[in-house]
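Everything below concerns the one structure shown next.
The values are calculated or read from the model by the stated rules, or taken from the named source; none is laboratory data. What you see is a predicted model; the values in this text were computed from it and never measured. Here Cβ is always computed from backbone atoms with ideal geometry, including for glycine, and neighbour counts include all displayed protein chains.
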Amino acid sequence: MSEGPRLSVFTFEGREIAALAGQSIAAALYAAGVRVFSRSFKYHRPRGLLCVAGDCPNCLMRVDGVPNVRTCIEPVRGGQTVERQNAWPSLDFDILRTFDRLDRFLPVGFYYRQFHKPRWLWPLVEPLIRRVAGLGRIDVHATPDVDSEVTFLSADVCVIGGGPAGLAAAQTAAHAGAQVVLIDRQPRLGGHLLFADGDGAGLEKSLAAIGKLPGLQTLTDAFAFGIYEGNLVGAFQGHRLLKIRAAQIVVCTGARQRPFLFHNNDLPGIFLGDGVLRLARCHGVLAGQRAVVATDNDEGASLARQLDELGIEVVGLVDSRRDVPADNGRWPVFPGSRIVAARGSKRLRRVKIGPVEDDGTVLRSTLACDLLCLASLRVPAHELLLQAGARFVRADGEWRLDKTPAGLFAAGSVAGTAELDGAILEGRDAGARATAALGFPSAADFRPALLDETLGEPHAGQRRAAAPLGPPADKNRKAFVCLCDDMTDKDLYRAVEEGFDHIETLKRYATVGMGPCQGKVCGLTSSEVCARATGRDVNAVGVTTSRPPAVPVELRVLAAERRHQPVRRTPLHHWHEATGARWLDAGAWKRPESYGDPAGEVRAVRSQVGLIDVSTLGKIEVRGPQAVELLERVYVNTFADLKIGRTRYGLICTEEGILWDDGAVARLGPDRFYLTATTGNAEAVYRWLLMWRDTWRLDVAVQNQTAALAAMNLAGPLARDVLAPLSDIDIGAGAFPYLGCREGRVAGTPCLLMRLGFVGELGYEIHCPSALAWSLWQRLYEAGSPYGLRPFGVEAQRMLRLEKGHIIVGQDTDALSTPLEAGLEGLVKFAKPAFHGKEPLLFLRRRGARMALVGFQLADERLPLEARDWMTGWEGCQVVENGMPVGRVTSFRFSPTLNQYIGLGWVPVHCADEGSRFHVRWNNLDAAAEVVPTPFYDPAGLRLRS
Amino acid sequence: MKMTDEAPLARSPLHVWQEAHGARFGERHGWRLAESFAAQRSDLLLVDVTPFAKLAFTGYEILDLSHTHFPDPQPGRVVAVSGAKPGWLCHQSDEQLLFLSTRLEAEGFASFRLPGQPEHKRITTWDMTSAYAGFLLIGSDVSDVARLLGGHLNLGSSPSILSPGSCVETGFYGVPCLLARAPDDRPVVGMWVAWDVAEYVWDRLLQIGAAHGLAAAGGDVLREFGWQA
């Protein structure tokens, strides 16, 4: 990278830090002299940069209040506030480093054994452990910024990884005519070529050619976190969730180096080889001045050469292979050797070198250095492939792809091909096979642009001899396998000795691979340690199950799809709007709560006539020869004896006997029924009926007409006077009695009318096609005006139905309420052969109910005798007896009709008799209440039957 | 409110929006229709076709009926129905066919039967005209429509959804919708959603379409695209 203009500074721990354009936060901090970036999870050991790729946990910091940000890949933006995590009082001096010296008391799984005797000790110790452990902390008082969006993409081929293999695969597939989406986590395409030696001109030229291809969409700074069933790729770009459905997927996620195991292998100053090159070539920062390179393959020599070219003094090349020249004339080479220990307090000062086969006792040399570069044999970055069902095996010392499921391809170093030309051709082949599977013309002979360019080659071949793990751990070694959770190989050996010898149980007991890296740094190493500790072949040990997300994802990104909040409007919405309705959100529905005077609306319904829009009700048609059978089994009532032209109030229970929904059931023909359901359950009841119809294989058609039909309730003593002139139906009291239903026309509009009494007055519920609702409502309003017709809203409706003691399922009932306790036992027809909930309800009937839903009045002189806005706050209040909570209030209002406080509530059965007294606790007031029979209003039902 | 003695007129859920945006209305076949808008016409149009009839056919013998009409009886296909009642027939699922009339008519669907539909009670016909709101997206090329919708549809199937003679149920801004395209080369894609979310979806389409020059148009543009208002 070249010198660019300096950005405005960011602050770190109170210091102002300047950054070059394009630098990451970690690179800028490193350039400013910061070497300790974090403290480890358990021992609070100092940790420095390692991978510079966002894979390890060492650089996690808090940025602008967001914890656990991977600063090595987080770009600098002016004005950021960067803070340490998990260290006090500072990163350079953390007082909890004391734990590092107490490691003998904090072995693997110590919290299962230590501090549990005496028993009173653990409740004291556990909070302390939770407090000092962990990394970033969430500010629970912060309001999250929920600006995330979701983008849905479809492609013939999705290529994950924009390195040489991925570029070749994408270019080949696009050349064949496929629609291709190429995603890469870095800000620019190129993969490891971005930090290869060379001037990068060849790569730029190739990218220019590839960018012109039609049908190829590239997404950079995009992280794929999962491959899901049906070739769905989950990814994110910033705060945007990407859901990519592809017919074929090509995974080219590359390979990564990993730390060797030796004492103090976590000291700041120890880097993966790629990390040093990324820091230098992508961010313009040299990682050190005196470097030792440790390796087990040819890349070590290449790395040493590149370090030398960058101006870093190479003071030694430690190669585990014995058959390498001991002297290359440039720097000392130590064949057949390994790093046995790194020394330094808060940063690397020197390394100790010993023979490969020795346990660390024999030393060959000690080298003073400030940088140790680990050029280990690469392992595939295979998390996504594992999620998708691919399998890897270890053979000849390296991990290789064994098989992939249909519709999925892999190419490049993730598939085991490290050489550049080989990776490009393998990418080409993968792209060609993916498109051939979809019927596109063959692209097997296509020549990707990258093959024609001179590209840097950091992967100079991998003549391999993977460094052995070293002898089993001795008591003095802190050779970390899992940097996230401070697990050493000694810990893993101990866990195996304790019996956790299966890789999955070892993972869960030792928590290895369960930290921020999710096994990227430690996963395969832990399998190899487990194999050595158990004496088994590593392929028999296997690897742990890989699950999404493969990279950290913010919850607000995952929730992006849920941000859309559809608004449902009835066909009369704009009429209500124009009339000054005050709105209520009932789920996604907009409903008029009132038109400004709920008490006045109640009085209008009681004395004259009112009109309410109830279009949100669920409406379901059931037709067919076995329609009765379906209803008999789903409802607790019986409908076999329901006459044509009649309506019945129906209850639906779950199989556990819990009251789930209610509504009207109208019989329109021998095999034709019309059901209503509650607003919130409409879709669920419809699907419930479909499911049971299919389960029982009944010959019946079910159709959800909730959106197709509008509904309005004309209620009040003058309702018949309003309706009669408009309808061709005889709605006289004798011709159309209470609970009748008729089909006909009202004001020329085809309608279904049901005489129902939810609000306790003479009432007609009128259902018509949504397209004609506006016209019908207008005509009813016009016809009703001379009679004082007023529209009324949900609040008035609630008061009216409460005065009648009618329940609202979901408000007056909950997930434990049954019809027997809610006073609806008379509706349950136990004589039916079978219905949902029959057996549990029979049991309850035999046992006897313990709670009961009752009506009550408040008679407390301290309460004002008029409605107040805070009345609704009483709903949910406790019912108390002798000062102890024994139940709750579900509905409560001041009744303008009765001029008193009334409510419904759950009380113990011994308090349920008429005249029983209890108290309702509201804030500091225990108001006296008395059980009264329901309905509170018109108990004989004369008005609604008029 | 204006009082009226007129015969009931059906209206689209978008009626108020159309009024507010200068639509010129006409009355046809029992509907109050937005025939045109005063705004300048664009190359990418959004037209409300809610008044056009929709019929659903369900039942155990739907598969038999599917075989009659669809060469490849997999859900996701659309065929054109010609004759007295022209329209698109969508194979929505193994259990439902949906007929979308392309001619606005007042009556005549009560006893409507698809060609080849047997006299049989095991297929039930449902009038869904008021259940769905329908919109047509019309471009100079279908790729215009694809660009507009791309990224906003929760597609669970391949990108060939907008190919001629295809339909799919998908999600749009949290709302289930049916997309369909007739088996011809006309650059017309239809979207059908539940009546009660029509305004929400219409607003969202115009919102995402603003950058593409999407403009609302009235029924007078439909004839050249095979729909008769």
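So the values come out like this:
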quantity	calculated
The range A:416-450, residues that are in a helix (DSSP H, G or I) and buried (at least 23 other Cβ atoms within 10 Å of the Cβ)	A:420, A:423, A:424, A:426, A:427, A:428, A:430, A:431, A:432, A:434, A:435, A:450
Residues that are on the phi < 0 side of the Ramachandran plot, small (Gly, Ala, Ser) and not in a helix (DSSP H, G or I), drawn from the range A:714-743	A:715, A:727, A:732, A:733, A:734, A:735, A:740
Residue in the range B:174-192 that is touching a His at 6+ places or on another chain (Cβ under 9 Å), within 14 Å of chain A (Cβ to nearest Cβ), without any contact (Cβ under 8 Å) to a residue 24 or more places away in the chain and farther than 30 Å from residue A:698 by Cα present	yes
Single unsatisfied condition, residue B:78 versus (1) closer than 28 Å to residue B:27 by Cα; (2) surrounded by 19 or more Cβ atoms within 10 Å (Cβ to Cβ); (3) away from every other protein chain (no Cβ under 13 Å)	(1)
Pick from the range B:11-30, criterion at the interface with chain A (Cβ under 10 Å from one of its Cβ atoms) and in a loop (DSSP other than H, G, I, E, B), ranking: nearest to residue B:218 (Cα to Cα)	B:12
Yes/no for residue A:213 being away from every other protein chain (no Cβ under 14 Å), over 24 Å from residue A:549 (Cα atoms), surrounded by fewer than 20 Cβ atoms within 10 Å (Cβ to Cβ) and hydrophobic (A, V, I, L, M, F, W, C)	yes
Of all residues making up the range A:749-771, the number that are touching a residue at least 24 places away in the same chain (Cβ under 8 Å) and either within 13 Å of chain B (Cβ to nearest Cβ) or of a type in the set (A, V, I, L, M) (or both)	14
Subset of the range B:102-129 that is within 14 Å of another protein chain (Cβ to nearest Cβ) and in a strand (DSSP E or B) - its residue that is nearest to residue B:63 (Cα to Cα)	B:124
Lone qualifier among A:329, A:344 - being at pLDDT 90 or above and either over 43 Å from the mean Cα position of the chain (by Cα) or at positive phi (or both)	A:344
Scan of the range A:804-847 for residues that are in contact with a helix residue (DSSP H, G or I) (Cβ under 8 Å, 6 or more places away or on another chain), crowded, with 18+ Cβ neighbours inside 10 Å and outside any loop (DSSP other than H, G, I, E, B), ordered by number	none
Selected residue [within 14 Å of chain A (Cβ to nearest Cβ), under 17 Å from the mean Cα position of the chain (by Cα) and modelled with pLDDT of 90 or more] from B:45, B:33	B:33
Residue selected from the range A:323-341 under the condition without any contact (Cβ under 8 Å) to a residue 24 or more places away in the chain and of a type in the set (A, V, I, L, M), by the criterion nearest to residue A:488 (Cα to Cα)	A:333
Flag for residue A:499 being at pLDDT 90 or above and in contact with a Ser or Thr (Cβ under 7 Å, 6 or more places away or on another chain)	no
In the range A:696-713, residue surrounded by the fewest Cβ atoms within 10 Å (Cβ to Cβ) [restricted to those that are over 12 Å from residue A:768 (Cα atoms) and more than 7 Å from every other protein chain (Cβ to nearest Cβ)]	A:697
Only one of A:286, A:232 that is without any contact (Cβ under 8 Å) to a residue 40 or more places away in the chain and either under 36 Å from the mean Cα position of the chain (by Cα) or buried (at least 21 other Cβ atoms within 10 Å of the Cβ) (or both)	A:232
Flag for residue A:605 being assigned to a helix (DSSP H, G or I) and over 28 Å from residue B:60 (Cα atoms)	yes
Filter pass, residue A:273 being of a type outside the set (S, T, N, Q), within 14 Å of chain B (Cβ to nearest Cβ) and in contact with a helix residue (DSSP H, G or I) (Cβ under 6 Å, 6 or more places away or on another chain)	no
Subset tally (residues that are within 24 Å of residue A:673 (Cα to Cα), among the polar types (S, T, N, Q) and free of Cβ contacts under 8 Å to residues at least 60 places away in the same chain) for the range B:84-129	2
